[in-house]
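Asks: Below you will find the structure I want to go over with you.
What follows is calculated from the coordinates using simple rules that are stated; it is not laboratory data. Every value quoted in this text rests on a predicted model; they were computed, and no experiment measured them. Every residue, glycine as well, gets a Cβ built from its backbone with ideal geometry; the counts of neighbours run over all protein chains shown.
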Amino acid sequence: MLRLIKHVKIQQNPRRPNRIQTRNLPKSLIVYRFELYIKPMNLHMKKLIALFALVLGFAFTSNAQGALKFKQEKHDFGTITEGTIATYSFEFTNTGKTPVVISNVQPSCGCTTPEWTREPVMPGKTGKVTASFNSAGRPGNFNKTVTVMNNGEVSQIVLAIQGSVAAKR
């Protein structure tokens, strides 16, 4: 602190001997016993800052985005025979106010292949994400996920497929 006020002209207040005021520091800062303090703001300034924060908050929340609403986020194939490719199309609607673009669809493993609507989905329009599970050499129960990455309100949506693969005879 002494370095800060070393080059500043200091005046001592005779009524408050422990309080030193400086001319070149902002009025919101005071030096008390050679320590720097910030003066509390007056009520008018507090109200102004609160109003600014409120307006700024509304500005960020009013930023309308698209929203994907899937008819179904989980599908059960039941029992399928080994070697078949089980395919299901998850249909969705853009319920937001701006177009939604699906940038990528990531499966949980290599046995699942996704396909999706590549062009922007306008508000009120529909699209689909298709997940295909290859059951060759995978007898038993399966539970796979497909993550849809998009520019909507919820940027990642996880879709799930499950079922059971009966071994070949």
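Asks: Once label points are set 7 Å from the Cα along Cα→Cβ at both Lys97 and Leu54, what is their separation, rounded to one decimal in nm?
Replies: If labels sit at Lys97 and Leu54, their model points lie 2.1 nm apart.
Asks: Extending each Cα 7 Å along its Cβ direction at Ser89 and Gln162, get the distance between those two points in nm, one decimal.
Replies: 2.5 nm
Asks: With each label point set 7 Å from Cα along the Cα-Cβ vector, what nm distance links Gln65 and Gln106?
Replies: Here the answer is 1.7 nm between the modelled labels.
Asks: Between Lys46 and Asn151, how high is the FRET efficiency from 1/(1 + (r/R0)^6) when r is the Cβ-Cβ distance and R₀ = 35 Å? Nearest 0.05.
Replies: With R0 = 35 Å, the Cβ-Cβ based efficiency is 0.40.
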